[in-house]
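Report on one structure; see the data block that follows.
The values are calculated or read from the model by the stated rules, or taken from the named source; none is laboratory data. Remember, it's a predicted structure, so these values are computed and weren't measured experimentally. Note that we place each Cβ from the backbone using ideal geometry, even for glycine, and neighbour counts take in every protein chain shown.
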Amino acid sequence: MGRSGGLDFMWKKEIDCTLKSASVHHIDIGVREGEMEWRVTGFYGWPAVGDRHLSWELLRLLNGQSDLPWVCIGDFNEILFSTEMKGGSRAQWQMNNFQAAVDDCGLRDIGWKGYPFTWDNGQVGEANRQCMLDRAMCTNSRPDIFPYAKIVHLDREWSDHAPIKLIFDKRVTGVEAKRGFKFEQAWLGEEGCEEAVWRGVSKGRGGLGEALKHCARELQAWKKNGI
């Protein structure tokens, strides 16, 4: 659209991609990898607050067009929580509307690494505003399709937005990504759980963070080896 914006989608020729639909606010692509098929949508939310409801209508419309595992990534021009903004404030109803659309679509945020705020208004001092407007989300229905997916916030240079990079591979910048530790409530009733926790706490002499890491390791060893 001249020199003022627009959407572009590019892929390597060896990747089997099919255009599903497109507008000035989205590009929806089907991806086939062997027997697995999923879809990715590049999304650009309406920038004006008065038009923001159109973003959520489009998100719900896209959600209803397929039951394939889905990744939706882009500039949503909105935040989900007040902690995603630095400087200034956001009306709660704006965030509530975004949250409702995300819930209706069964989407979950993909974890990210880097500086949290992807947009900066370029002002200094008290006038500076920063937000996490750019993100990637995927459907909860098939989390096994994207077990290692994560977003990396890259450095912001010439734009007011920082580029975000979605990585699906097990290896992120040469380091294998590991599944995050998850404590199961049912463990509390099992023999040996409490002892594993106390072993971890006793090793964590570097503060709470170290204690939690040791607790996770002890619990994982307990579940795997029964110790």
Report task. For the stretch 161-182, enumerate the residues that are modelled with pLDDT of 65 or more and surrounded by 12 or more Cβ atoms within 10 Å (Cβ to Cβ). Result -> His161, Ala162, Pro163, Ile164, Lys165, Leu166, Ile167, Phe168, Phe181
Query raised in the report: Does the stretch 28-45 contain any residue that is basic (Lys, Arg), surrounded by 11 or more Cβ atoms within 10 Å (Cβ to Cβ) and touching a strand residue (DSSP E or B) at 6+ places or on another chain (Cβ under 8 Å)?
Result: yes
**Report entry** Filter result for Phe117 (surrounded by 12 or more Cβ atoms within 10 Å (Cβ to Cβ) and at pLDDT 75 or above)
**Finding:** yes
Requested in this report: Report whether or not Leu154 is under 30 Å from Glu33 (Cβ atoms), at pLDDT 75 or above and of a type outside the set (D, E, K, R).
Outcome: yes
Query raised in the report: For the stretch 210-217, does any single residue satisfy the condition of being part of a loop (DSSP other than H, G, I, E, B), at pLDDT 75 or above and within 25 Å of the chain's Cα centre (by Cα)?
Result: no
Report summary line: Residue set Gln94, Gln65; condition surrounded by 13 or more Cβ atoms within 10 Å (Cβ to Cβ), polar (S, T, N, Q) and more than 27 Å from Phe9 (Cβ to Cβ); output residue Gln94
Query raised in the report: Among Trp38, Trp93, Trp46, which is the only one that is part of a loop (DSSP other than H, G, I, E, B) and of a type in the set (Phe, Trp, Tyr)?
Result: Trp46
Requested in this report: Specify the residue that is nearest to Cys138 (Cα to Cα); the eligible residues are those in the stretch 19-39 that are among the β-branched types (Val, Ile, Thr) and at pLDDT 95 or above.
Outcome: Ile29
Report summary line: Filtering the stretch 50-86 for residues that are of a type in the set (D, E, K, R), assigned to a helix (DSSP H, G or I) and farther than 30 Å from Val124 by Cβ leaves a count of 2
Report task. Tell me which residues, restricted to the stretch 116-139, are part of a loop (DSSP other than H, G, I, E, B) and within 25 Å of the chain's Cα centre (by Cα). Result -> Pro116, Phe117, Thr118, Asn121, Gly122, Asn128, Arg129, Met132, Leu133
**Report entry** Test result for Thr83, surrounded by fewer than 19 Cβ atoms within 10 Å (Cβ to Cβ), closer than 22 Å to Ile151 by Cα, out of contact with any Ser or Thr (no Cβ under 6 Å at 6 or more places or on another chain) and not acidic (Asp, Glu)
**Finding:** yes
Query raised in the report: Restricting attention to the stretch 127-150, which residues are at pLDDT 90 or above and of a type in the set (D, E, K, R)?
Result: Arg129, Asp134, Arg135
